[in-house]
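A quick write-up on the structure given underneath.
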Amino acid sequence: MSQTLQETLFRLSTLDRDVLSIAWLSLRVSLTAVGIGLLLGIPLGSLIAVARFPGRGAVVGLLNAFMGLPPVIVGLVLYLLLSRSGPLGALGLLFTPAAMVAAQALLATPLVAALTRQVIADAEAHLGEQLRSLRLSAPRRAGVLIYDARFSLFTAALAAFGRAISEIGAVLVVGGNIDGHTRTMTTAISLETQKGDLSLALALGAVLMALVLAVNAAAAILRSHAAKAYG
Amino acid sequence: MSEPPAIHLQNVSLTRDGRTILDRLDLDVAAPGITAVIGPNGAGKSVTLRVIDGLIRPDAGTVRLSPGRRAFVFQRPALVRASARANVALGLVSLKLSRRERLERIDAALARVGLLERAGDAATRFSGGEQQRLAFARAWAMRPDLLLLDEPTASLDPAATETIEGLITEMAGAGTAVLLVSHNLGQVARLADETVVLAAGRAVERGPTRSLLFSPRTVEARAYLTGELPWTSFAAAS
Amino acid sequence: MDLLRRGFLTLSLLAALGAATPLSAEPASIVVASTTSTEQSGLFKHILPLFKQKTGIEVKVVALGTGQALDAARRGDADVVLVHDRPAEDKFVAEGFAKARQDVMYNDFVLIGPKDDPAGIRGKGVEEAFRKIAAAKAPFVSRGDRSGTHSAELRSWKEAGIDLGAVRGDWYRDVGQGMGPALNTASSLGAYILADRGTWLSFKNRGDLTILVEGDPRLFNPYGVMLVNPDKHPSVKVKEGQAFIDWLVSPEGQKAIADYTINGEQLFFPSAKKS
């Protein structure tokens, strides 16, 4: 074990451009997926938080369950959709980074929506009556609630990023782990593990951890900076 | 009382979860002037304010309001995590003002409540008294024809209460009809021209504040006024 | 000071953070469905840059088990397949999913096991070795993933006269994974396993494992390449795909394959018929 650790440290010092481009692809795919997840999930979660409609309880339950959607299922379903023989095959998206973005966006969106619903429901309980009394339109009320809850939503975004960058089931199936094209940190780690090169796998794992920590640290600094003013 | 009433409620009823909250309530409020609504907890005071503001739809009855703007100040100020100025601005969104007029009104309102220097500060970081002053600044900037107040000083200290009472008097003096729900009978005596006693969802007695407070005619009003000291009911309300 | 606008701005900023880096269009490229053994041996990393340098065509390799690779091609998700399971390849052609199959190269399988060799198979022929493993009920790891190696293993049991369905028990571990994970499992269990030589040579976590049986003609492992039939899937990039196949079987491609070594040991042997 200590020998593996030593080797890992050595491998870390010799990581090359390939690793950098893999890390960059992972980051780009997951950030784009989270961006899409936020654009879809925040309005969806807010709507479910604020609107009253029949079957709302079931929708909320479904949403919460979807937070735990197994990545490999998402990957498989998306694979069948994007396959040339599938309904979306003509798009030619299978085995491309775009397919991986779509897969991770499918994982991120319900997570963002479910967390948003909770956060916006709390904000609504506090502010809803006042905002309605001010005769604000429904979209504007939602906008104000989202703005009010922005720091909590930031946490939701981080959670979604963590889920996206660390999953392998979906990107492996729809991306194909193609060297130089769709190989991400997680699929590369898996591949090196399969090849029995455990020290390289660990070194890549350390890079992935560093990546996640860096994004979270940057977010935490931004957040505490902003939150200091508003609490 | 030659002017038409600012608020006219007739036969208003509301039931929630099998409980009667408003029971064929009749209520007229004149403009301008301050009308207090008092009564034991659960009498339907807060709900009445919300029915008037359109936040709650009654099951039956007539709600008629003279045209004009309404502002509502709640017991706990509902402020957004944004600057004091942005929170006041929120009250002006539906007013379609020019940008200049909007900014002028915001600054004037903040100046009136003594918060102009802190216009850019985060509202949610203000003290309780400052937050309620800010909520009044928002209402003030809207220049409402009708001001609905739901125990606006219940969680404030005496100094902050005095500031708020000054604001209420000034707005009423400027022609705003004020409907004040309060358990603080001293405050009611200080501010209100007229007082209405609610009990079990009905207006049981109404009259000039002083005569009502000192010689109530109905059993319900007497029970409330003699059986419950203002500060005990306040404690129970919060 | 419009809170709605600011709320929306916050949202858009967060989204832009991710979307700011568009995933750009790519040059001419083909998708090759191949096997985990070929990918993990490092062969493609060696030969593909040479092909790209010559033609400018990018080859994207999706590494699957042979069975999965053929299925992906059946669905039209690959332009070219490069696999090693002759009966499955012939079936693929017979079904019309490819018009022709060409030999490219071969390597061989090796029977691997713990150094102390509890079943006593060292140096034996393949048939005898498999019989001894079954008789000793010595731990054996199977790929179990419909890969070419899995097919070869199943064929070996059959040829050894062993009815796997009747004798299999706890000693027979079906892992359902690629060559690497299966080797990892065998390494930690001290089990026997059939592996392709390429993956074995590039495999690093060997533990106590070593080659016990090799060189038997039955362990010959030929690779074939096929262009997916464009009549079945019009999306197939015929020109680029055929260019790749032509290069693979050309003297230049064959030399590139032969040149690939690990620790001085050649992994794949060219086998294209001269035309």
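Considering only residues in the range C:146-167 that are out of contact with any strand residue (DSSP E or B) (no Cβ under 9 Å at 6 or more places or on another chain) and in contact (Cβ under 8 Å) with a residue 60 or more places away in the chain, the one that is farthest from C:Asp117 (Cα to Cα) turns out to be C:Arg146. Among the residues of the range B:8-42, those that are surrounded by fewer than 22 Cβ atoms within 10 Å (Cβ to Cβ) and either at positive phi or among the β-branched types (Val, Ile, Thr) (or both) comprise B:Asn11, B:Thr15, B:Asp17, B:Gly18, B:Thr20, B:Arg24, B:Gly33, B:Gly42. For C:Asp90, the test of being among the acidic types (Asp, Glu) and out of contact with any strand residue (DSSP E or B) (no Cβ under 7 Å at 6 or more places or on another chain) is passed. Those helices (runs of 4 or more DSSP H) of the range A:1-103 in which 1 or more residues are of a type in the set (Lys, Arg) occupy A:2-13, A:17-50, A:56-66.
Kindly indicate the residue of the range B:85-130 that is surrounded by fewer than 19 Cβ atoms within 10 Å (Cβ to Cβ) and of a type in the set (Lys, Arg) and also farthest from the other protein chains (Cβ to nearest Cβ) among those meeting that condition. This residue is B:Arg112.
Exactly one residue out of C:Gly176, C:Gly180 is under 18 Å from C:Leu64 (Cα atoms), within 14 Å of chain A (Cβ to nearest Cβ) and surrounded by fewer than 23 Cβ atoms within 10 Å (Cβ to Cβ): that is C:Gly176. Candidates are the residues of the range A:127-173 that are within 13 Å of chain C (Cβ to nearest Cβ), polar (S, T, N, Q) and free of Cβ contacts under 8 Å to residues at least 40 places away in the same chain; the one that is surrounded by the most Cβ atoms within 10 Å (Cβ to Cβ) is A:Gln130. Scanning the range C:185-194 for residues that are crowded, with 24+ Cβ neighbours inside 10 Å and within 11 Å of chain A (Cβ to nearest Cβ) yields a total of 1. Among the residues of the range B:125-132, not a single one is free of Cβ contacts under 8 Å to residues at least 60 places away in the same chain and either at positive phi or touching a Lys or Arg at 6+ places or on another chain (Cβ under 7 Å) (or both). Does the range C:84-100 contain any residue that is buried (at least 24 other Cβ atoms within 10 Å of the Cβ) and modelled with pLDDT under 95? Yes, the range C:84-100 contains at least one residue that is buried (at least 24 other Cβ atoms within 10 Å of the Cβ) and modelled with pLDDT under 95. Among the residues of the range B:151-203, those identified as acidic (Asp, Glu) and either part of a loop (DSSP other than H, G, I, E, B) or surrounded by 22 or more Cβ atoms within 10 Å (Cβ to Cβ) (or both) are B:Glu151, B:Asp157, B:Asp193.
Residue-wise test of (1) in the same structural domain as B:Leu191 (by TED's automatic domain parsing); (2) in contact with a strand residue (DSSP E or B) (Cβ under 7 Å, 6 or more places away or on another chain).
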position: B:Asn11; (1), (2): yes, yes
position: B:Arg24; (1), (2): yes, yes
position: B:Pro32; (1), (2): yes, yes
position: B:Ile38; (1), (2): yes, yes
position: B:Asn41; (1), (2): yes, no
position: B:Lys45; (1), (2): yes, yes
position: B:Asp53; (1), (2): yes, yes
position: B:Val63; (1), (2): yes, yes
position: B:Gln75; (1), (2): no, yes
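Considering (1) touching a residue at least 60 places away in the same chain (Cβ under 8 Å); (2) not assigned by TED's automatic domain parsing to the domain that holds B:Asp193, the lone condition that B:Leu115 does not fulfil carries the number (1). Against the list (1) buried (at least 20 other Cβ atoms within 10 Å of the Cβ); (2) on the phi < 0 side of the Ramachandran plot; (3) in contact with a helix residue (DSSP H, G or I) (Cβ under 8 Å, 6 or more places away or on another chain), the condition A:Ala206 fails is (1).
Quick one: is A:Ala105 facing chain C (nearest Cβ under 10 Å), buried (at least 24 other Cβ atoms within 10 Å of the Cβ), modelled with pLDDT under 95 and in contact with a helix residue (DSSP H, G or I) (Cβ under 6 Å, 6 or more places away or on another chain)? No: the conditions fail for A:Ala105. With respect to C:Phe51, is the statement that it is over 17 Å from C:His150 (Cα atoms), in contact with a strand residue (DSSP E or B) (Cβ under 9 Å, 6 or more places away or on another chain), at pLDDT 90 or above and within 13 Å of another protein chain (Cβ to nearest Cβ) true? Against the criterion (over 17 Å from C:His150 (Cα atoms), in contact with a strand residue (DSSP E or B) (Cβ under 9 Å, 6 or more places away or on another chain), at pLDDT 90 or above and within 13 Å of another protein chain (Cβ to nearest Cβ)), C:Phe51 does not qualify. As for the range A:5-21, it holds no residue that is farther than 27 Å from A:Ala206 by Cα and surrounded by fewer than 23 Cβ atoms within 10 Å (Cβ to Cβ). So, A:Ala218, is that one small (Gly, Ala, Ser), surrounded by fewer than 20 Cβ atoms within 10 Å (Cβ to Cβ), in contact (Cβ under 8 Å) with a residue 60 or more places away in the chain and part of a helix (DSSP H, G or I) or not? Here the answer is no, as A:Ala218 does not meet what is asked.
Residues checked against (1) out of contact with any His (no Cβ under 7 Å at 6 or more places or on another chain); (2) at pLDDT 95 or above; (3) not charged (D, E, K, R):
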position: C:Val141; (1), (2), (3): yes, yes, yes
position: C:Ala166; (1), (2), (3): yes, no, yes
position: C:Val175; (1), (2), (3): yes, no, yes
position: C:Pro181; (1), (2), (3): yes, no, yes
position: C:Tyr192; (1), (2), (3): yes, yes, yes
position: C:Arg197; (1), (2), (3): yes, no, no
position: C:Phe203; (1), (2), (3): yes, no, yes
position: C:Asn221; (1), (2), (3): no, no, yes
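For the range B:68-84, taking the residues that are in a strand (DSSP E or B) and more than 7 Å from chain A (Cβ to nearest Cβ), the one that is nearest to A:Gly143 (Cα to Cα) is identified as B:Ser83.
The values are calculated or read from the model by the stated rules, or taken from the named source; none is laboratory data. Being a predicted model, the structure only gives us computed values, none of them experimental. With ideal geometry, Cβ positions are generated from the backbone for all residues, glycine too; neighbour counts draw on all protein chains shown.
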